[in-house]
Structure formats: structure tokens, C-alpha cells
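The structure under discussion appears below in the form of C-alpha cells.
Bear in mind these aren't lab numbers, they're just calculated from the coordinates by the rules spelled out. Note that the structure is predicted; figures quoted are calculated from it, not measured. Cβ sites come from the backbone with ideal geometry, for glycine too, and all protein chains shown count toward neighbours.
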Amino acid sequence: MPYILGPHISTAKGLHKAAETAVSIGANTFQFFSRNPRGSAYRDFPPDEIAALNQIMRQHRFGPLLAHAPYTLNLASAQDRAYEFACQTIFEDIRRMDAIGVTMLVLHPGSHTGLGTEKGIAKIVAGLTPALTGPESLTVLLETMSGKGTEIGYRFEELAAILRACGASSRLGICLDTCHVFAAGYDIARDLDAVLLEFDRVLGLERLWAIHLNDSLMPLGSRKDRHAPIGQGQIGMEALLAVMRHPALSHLPFYLETPLSDQEHGVEIAQILAAV
Ligand code: FE
Ligand code: FE
Ligand code: ZN
């Protein structure tokens with residue numbers, strides 16, 4: 001298929017098993033957590049598992065996989081322990097993911113928990129900068145956020161400030177989450193072109209590496225983060241298909257984070273590919 005499309009899949013039984021699942025539901029990529037999303041634990045991936053993964057990816061012409069950093073990681077935290085955990089985890093996971101050949105790791109920039117946006121951004125930059133100094137080639141993608149609580153990165157300007165303060169590192173990019181930008185107030189349902197113009201003006205479309213394709217239960221500008229299956233939210237099927245078809249976006253990898261089982265994701269993928 002011309003599109004690169006796949007859901008988030010559990011790797012509890014191994015990366016190669018996740019890839020097999022992806023194939024079985026008609027996907028040609030997937031997203032997975034770089035470690036336990038709510039804790040800190042991780043297991044090392046044995047070489048035979050990586051070999052099996054690469055075999056499946058080659059055979060089925062997969063697009064790039066996307067690793068997602070744990071939700072517990074907060075590079076803007078005011079608490080020392082949480083901040084140190086975040087700095088250490090992003091440093092480690094860049095290296096762990098690069099070592100198994102994964103080229104992109106998506107990260108929620110962080111929540112300032114009361115410090116204010118400016119101080120929060122300074123902490124994020126101080127944590128990211130040393131993590132990006134190694135010989136790895138992996139690109140860290142900052143995710144566009146919904147703006148719930150004290151989340152940083154729901155305005156394109158905040159993401160641009162992080163990029164700028166990191167010296168516009170070529171190893172930083174953006175992952176646009178359709179649910180999050182809509183909840184943040186960017187109306188991709190009614191005027192996708194205007195949102196993309198704004199993205200290009202503030203961040204540059206060349207920084208956009210991946211799309212999280214989700215519908216949103218919550219309305220435009222609600223700053224609430226509730227994903228819905230494609231076509232069952234406030235953005236709607238046609239608007240999300242328009243995102244996929246857009247000439248500035250259609251070549252990008254699309255990852256579904258809709259609240260569905262693997263099998264249900266298979267149905268969703270078939271519906272999308274039949275309509276797009
Ligand atoms: Fe995310
Ligand atoms: Fe997302
Ligand atoms: Zn979300």
C-alpha cells in the first residue's frame with residue numbers, strides 16, 4: 001500500500017511478535033513503548049528477536065517503527081527525583097532504541113507542574129541537550145500536546161522555543177497528534193491548510209516526521225486529551241482522511257493511538273485504506 005500506517009502494539013511478547021501482529025491486521029508499521037509506559041522497567045531485546053523483527057519488516061516492506069517514551073517521563077518536572085529519572089531515561093532510551101535500529105523516539109515534552117512555561121522549557125532543554133550528544137542517528141520527536149494541566153508543547157511556539165534552545169539540532173523533529181492539536185485549538189477539521197501554514201511558519205514542515213492519527217472525543221480547544229476511534233470523534237473520518245491525503249503529509253508514517261484492540265485496529269485500518 002502507498003501509505004505507511006499502523007497502530008500502537010504491545011511488545012510484551014517481543015518486537016517480532018508485535019511485527020507479526022501488525023502484518024496480520026494489515027499494518028506496515030507500528031508504534032511501541034521504549035519501556036514500561038507507567039514505570040521505569042525495561043528488558044533488553046535479544047539479538048535473535050531483532051533479527052526476526054528485521055526479517056518481517058523487510059519481507060513486508062515496513063515503514064519506520066516509532067518508539068514512544070514512557071508517560072511517566074517529565075523533563076519539565078519541578079521535583080528533583082522525577083526530573084532526574086526523566087533525564088536518565090531519555091538518555092538511555094535514545095541509545096537503547098538506536099542500538100536496535102529504531103530511527104525515531106517520540107516524547108511528550110513535559111508538564112511544568114507549576115514552575116511556569118519558561119522554566120519548564122529550560123529544564124526540558126537542559127535534559128535533552130546532553131541526551132543528543134552521542135554518535136546515535138536516532139531522531140527525537142517532540143509531540144504536539146493537548147494542553148491539559150500544565151503540559152508544555154500544545155502551542156507550536158512552545159515547541160519552536162525548545163528546538164531553538166537546543167540549537168535547532170538536526171536530531172529533533174515533531175510528531176503531530178491530530179487529537180492533541182485539535183484539542184489544543186488548531187482546527188484541522190475545518191481548515192487543515194491554515195493549520196499547516198501555521199505549523200510551517202512557526203516550526204517548518206521539514207521538522208514534521210510522523211503523525212499520530214486519532215479522532216478526539218473532546219471539542220476543538222477543550223485542552224482535554226481523549227482519543228476516539230477514527231470517525232467516532234469530533235474531528236471525523238473525512239477530515240482525518242484529508243490529513244492522510246494532504247500532499248505535505250501523505251508520505252509520512254501514520255500511527256493510530258485509538259482505543260481499540262489489535263483486531264479492531266485491523267478493521268479500522270481496512271476502513272481507512274478503502275476510503276483514503
Ligand atoms: Fe504520546
Ligand atoms: Fe499521541
Ligand atoms: Zn493523547
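Listing for the model above:
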quantity: Shape of the range 40-134, Cα gyration tensor, a/c cut at 1.5; calculated: prolate
quantity: Max mean-square fluctuation residue, GNM over the chain, Cα-Cα springs under 10 Å, options ALA122, ALA76, ALA194; calculated: ALA194
quantity: The range 4-275 - percent relative contact order, Cα under 8 Å, separation 6 or more; calculated: 17 percent
quantity: Alpha-carbon gyration tensor eigenvalues x 5, square-rooted, for the range 147-276, Å; calculated: 24, 16, 14
quantity: Most mobile listed residue (LEU249, LEU115, LEU75) in the chain, GNM with C-alpha springs under 10 Å; calculated: LEU115
quantity: Centroid-to-centroid separation of the range 45-78 and the range 105-155 [C-alpha atoms, Å]; calculated: 20 Å
quantity: Size descriptor, Kirkwood hydrodynamic radius, that averages inverse alpha-carbon separations across the chain, Å; calculated: 18.7 Å
quantity: Among LEU128, LEU5, LEU163 - extreme Cα towards positive end, dipole of the chain, charges at beta-carbon; calculated: LEU128
